[in-house]
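Down below is the structure, laid out as structure tokens.
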Amino acid sequence: MLVSGDKLDAVVEAMREGASDFLPRPFTTKQLTAVLGRVMKNRSRRRVPGEPDGIGSAVIVDDEPLTLRILGNFLAEVGFSVFQARNLSEARASLENRVPDVVISDIFLEAESGLDFLRETKHRWPFLPVVVVTSSTQSSILLEAIKAEAHTVLIKPLDKGEFQRVV
């Protein structure tokens, strides 16, 4: 993103929408090179050597094995490489190894809160999209997920096409 003058609001909005970096105008060739280097470095960190080229990578967190398998299959069908985590410890370990393109997490997990995990993830990686899935239709729960900056909230049972489009 290129910004002219003091347009902090535009920078913040663009970063929320997924911009990788920003460059204030006027800029030098050295500044442009530095920004492009950061963007490429961050992008290359997401890929694991030997990982098949696909459209992206995802970490799915759900304590129900059937849900993990179904959502993993939905994403694999469209070219995602998927890591399935049965609990938040596995999800955190995966995120420490590499940051995926998207995280999909249930809100209600056996041992810990998916909402707490959402907040923790957004605090650490503000621009990482986190898609929240839940069987709850309670507006207070859904509002909490939105306030915690979930990319979107999907209600189970999930429609395959809608899930693939959202991710």
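The values are calculated or read from the model by the stated rules, or taken from the named source; none is laboratory data. Every value quoted in this text rests on a predicted model; they were computed, and no experiment measured them. FYI the Cβ positions are ideal-geometry reconstructions off the backbone, even for glycines, and counts take in every protein chain you see. The accessibility values were calculated without ligands, DNA or RNA, using every heavy atom of the protein model including side chains. Shrake-Rupley method; radii C 1.70, N 1.55, O 1.52, S 1.80 Å.
Taking interchain pairs and intrachain pairs at least six residues apart, which have beta carbon atoms under 9 angstrom, with the first residue in segment 112-124 and closer than 14 Å to residue 147 by Cα and touching a residue at least 40 places away in the same chain (Cβ under 8 Å) and the second open to solvent by 40 Å² or more (accessible area, probe 1.4 Å) and not charged (D, E, K, R)?
114/108
If residue 110 meets every condition in (1) out of contact with any Phe, Trp or Tyr (no Cβ under 9 Å at 6 or more places or on another chain); (2) over 16 Å from residue 63 (Cα atoms) apart from one, which number is that one?
(2)
What's the number of the only condition in (1) open to solvent by 40 Å² or more (accessible area, probe 1.4 Å); (2) within 9 Å of the chain's Cα centre (by Cα); (3) not aromatic (Phe, Trp, Tyr) that residue 93 fails to meet?
Status for residue 93: all satisfied but (2).
Restricting to segment 72-119, count the residues that are over 14 Å from residue 130 (Cα atoms) and of a type in the set (D, E, K, R).
Number of matching residues: 7.
Checking residue 96 against (1) in contact with a helix residue (DSSP H, G or I) (Cβ under 9 Å, 6 or more places away or on another chain); (2) without any contact (Cβ under 8 Å) to a residue 24 or more places away in the chain: exactly one of these is not met. Which one?
(1)
Quick one: which strands (runs of 3 or more DSSP E) lie wholly within segment 55-141 and hold at least 1 residues that are at pLDDT below 90 and of a type in the set (Val, Ile, Thr)?
The qualifying strands (runs of 3 or more DSSP E) are 130-134.
Could you list, ordered by first residue, the pairs with Cβ atoms under 7 Å in which the first is in segment 58-81 and touching a residue at least 60 places away in the same chain (Cβ under 8 Å) and the second is exposed (fewer than 13 other Cβ atoms within 10 Å of the Cβ), at least 6 apart or interchain?
Note: pairs meeting the criteria are 78/55; 80/55.
Consider segment 137-167. How many of its residues are touching a Phe, Trp or Tyr at 6+ places or on another chain (Cβ under 7 Å) and surrounded by fewer than 17 Cβ atoms within 10 Å (Cβ to Cβ)?
Count: 2.
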